[in-house]
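Reviewing the structure listed below.
Any read-out appearing in this document is the output of simple, stated calculations on the displayed coordinates, not a laboratory observation. Predicted model, so just to flag it, every value in this text is computed and none were measured. Every residue, glycine among them, receives a Cβ derived from its backbone with ideal geometry; neighbour counts consider all protein chains shown.
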C-alpha cells in the first residue's frame, strides 16, 4: 500500500476518533435487551424505547436489540411501543444495569389508543438519516400484484427515487444507477439475481420475511460495495412458542410455510417453500415449451443465553426453461441463487452488541440458443465466501458508535461461444470447471458515530476503508460519510448528506453485444472500480401526531468508471473480456416528493420523482452524452389500502412514468451468407438512445376477505380469499419495439409490442 494512502488513512482515523466527544462518567444506569412479539418471540425491529420523564429514547436495531443509558434514580419508567402493538410500560428500580426481554402483544384496536399515538415512531424527523425507507410487510401483502404473487421488488418500485425496468419486471434502478449498483441481501448474503420467470416476479417469499429496508442515500459507514442502494431483507426466526402453518395457492404457484419451537422459548425453526406449476399446465397445452421455478427458505436459531444467540439461514431459488419453435429456434436456460449464513450475536456487558457472520452465496446462469445453422452458449457465475463482524457501542444516550470489518473472496467464471453448428450437429457445451476463473479479494473496515449534540442538531458521520485485490489490480479508498439533521421544531427538520461509494463487482449490460444475457466481472488492472459521489438535501415534516410523514429530497450524483461492452462486440469462448469493454461516466440528479400515512383504516403513500440520468463514453455514441437506458423524467406512484371492515380490505396502486429511452437504427445492410441470428441483416446505429417509448401508466386493484373458521369443526384457522386485477383498464404499455419492412413501400417500420393486458387473479391463503 503506498505510503501516501497509509498516511491519509491514519490521519482520517485520528480525526474521526478525536472528533468523537468524550463520554461523561457520571453515575448512570444502562438498560438493554431485546423487544419481541409475545406469541412468536420474533424480534421487533425499530421498536421505540422512550423515557418520558427525561424526553430521551432510542429504537431497537436490525436484530431487535436496544440499549439506553439514563441517570441513576430510585425508579424509572420506560415505555416500549411498536406499530400495531399495545405499548408496554416497564418500571426500573434501583441504579443497577439491567438486561431485559420485553414482550409485546399485537392488538388490532390499539391503533386508536391515545397512549400509542403519543409514542409513535418519529425517526424520520428526529434522526440524522435520510434516503432510508422501511417497507411494511403488511403493505407488501396487501397491495395488488401480478397473478396473485406478492412481490417485495414490485413494492420497492413504488417508492420515490426508484425506477422500474421493463413492463411487469421486478428489476429496479435507484437514482440513476444500474441494476448491479443495488446490493440485495437476504440475511446478509448477497442475492445476485433476485427474480423468477425472467424478472416477472422476485425470488423472495413474503411469508418468510420479517423486515425490508431500502437505503438509497445518506449511507451509514457500515454499508458499502455498491453505488446506488442497499436492499436489506431479514428472514423470520421462527415461532418459539407454538407450531404454525400458513400457505396459499395462486394462479401459477403454491407456497407453504411451517414454523415452530425446537426447544420452547430457546430455539425455533422456519421452513418456507414456493413452487410454480406452470410446467404442469404447459404439458397439457404445448410440447415445445417448459418452465418451472421454486424457492426455499429455512432458518434455525438457538439462544445459548440472554447474551448469546446463534442463527443459521439457508436460501435457494432456481428457474429452468426450454423452448422449441417450428422455425428451428431452440432456447434453454437454467439460473438460480444459493446462500447460507451462520450468525452469532453476543453482548459484551450492557453497552456493546456484536454480530459475527460467515456467509456463502452462489449465483449461476446457463443459457443456450440456436436457430438454423447457428448456436450460442453462455455460462456465467459468481461465488462468494464472506466473513464479517460488527460492533455497536452505546456509551451514552447521545452516542451510538458502530465499527467493524469484513472480508470477501470472489470467484467468477464467465464464458460464452457463438459459431456455426458442425455438420454432425454436435454443439459445443461449456463445462464450468474448464472455464478460466477470476479470483479476487475484497475487504473493508468502517467506523461510524451517530451523535446527538442537542435536541436541535445531530450528526451521523464516519469513514469506510475498502480494499480490493485481483487480476493484477489493487485498490484502496477512503469513503467519507456524513448526514446532519437540524430540527426547526418537534415535527420538522432539515437534513443534508454526503456519501462516497466504490464498487468492485460489475454487471455489464449486453444491449450492444451479441449476447443473450449479462456477464459479471470484478475489477482488475484494466477494469477500475466504479465510484460515486452523492449529495442530498431534504425537508422532513410530520403531521397529525406522526400519523402522516412527508419529505422532499433533492440529490445530485456523479459516477465514474461505468462499464459497457464496446459497440458491435461479439463474444467467443476465448475472448478476453477486459479488451471488449469500455469505460465512461454518469450523472444523475432529481427531486423526490413522498407522503406516507401510517395509521388508521386508510394507509399508504404517494411519491413523485422528477429526475435526469445521463452517461458518456468516449467509445460510444461518438463520445457524446446520451440518456441512460433507465432514465425516466417523471415517475408517479400511488399505493393505498383501506380496511372496509374486519373482513374486507380494498387495495389499489397507480403508476405513471415517462417512456424509457431506446435506440432506433438509421439504416440496415443486407449480408448474404452470414448474419448469425439476425436474418441476414445488420443495422446501422448512429446515435444511442435517440428515441423514447410511449409513456407508461397502469392501475391495479384488489380485494381481500379474511375469516376465522374451524377445520372439521375442531381446528381453528384463518382463511383469506384475494381477488385482483392487474392493469384494470388494459392499457397497451410498450414492452419493446421491433423493426420490420412495409411490404408495399419497402420502408422500415417500428412496431410496439405490449406484453400484459388486464389480468385477473385469485388466490387462497390460510393460517393455522
Using alpha carbons only: equivalent-ellipsoid semi-axes of the range 605-644, gyration tensor based, whole Å: 37, 8, 5
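Provide the gained length on full extension for the span residue 747 to residue 766, in nm with one decimal, where the gain is 0.36 nm per separating residue minus the Cα-Cα distance.
Value of the extension gain: 1.1 nm.
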Dimensionless Rg ratio for the range 464-508, taking C-alpha atoms and the 2.2 N^0.38 Å reference: 1.84
Quick one: if you stick a label point 7 Å off each Cα along the C-beta vector at residue 437 and residue 101, how many nm between them? 4.2
Principal axis extents for the range 282-357, Cα atoms only, whole Å, descending order, please. 70, 21, 13
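Calculate, for residue 308 and residue 89, the FRET efficiency according to 1/(1 + (r/R0)^6) with r their C-beta to C-beta distance and R0 41 Å; round to the nearest 0.05.
Rounded to the nearest 0.05, the efficiency is 0.90.
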Taking each pair of different alpha-carbon atoms in the range 436-502 once, compute 1/r for the pair, average those values, and report the inverse of that mean as the Kirkwood hydrodynamic radius in Å to one decimal. 14.3
In terms of the ratio Rg/(2.2 N^0.38 Å) built on C-alpha atoms, what value belongs to the range 231-332? 1.51
When the Cα centres of the range 589-648 and the range 707-760 are compared, how far apart do they sit, in Å? 21
Listed peptides 702-715, 494-507 by packing density, highest first (mean Cβ within 10 Å): 494-507, 702-715
Ascending count of other beta-carbon atoms within 10 Å, so fewest first, for 549, 122: 122, 549
With the cut-off at 1.5 for a/c, could you classify the range 127-166 from its C-alpha gyration tensor as rounded, prolate or oblate? oblate
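Decide, for the range 162-260, between rounded, prolate and oblate: order the square roots of the alpha carbon gyration tensor eigenvalues as a ≥ b ≥ c, take rounded if a/c falls under 1.5, and otherwise choose prolate if a/b is larger than b/c, else oblate.
Numbers: a/c = 3.10, a/b = 1.41, b/c = 2.20.
Because a/c hits 1.5 or more and a/b fails to exceed b/c, the range 162-260 counts as oblate.
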Rounded to two decimal places and with Rh computed the Kirkwood way over Cα pairs, what is Rg over Rh for the range 691-768? 1.35
Computed label-point distance, nm, for sites residue 405 and residue 656 using a 7 Å Cα→Cβ extension: 5.4
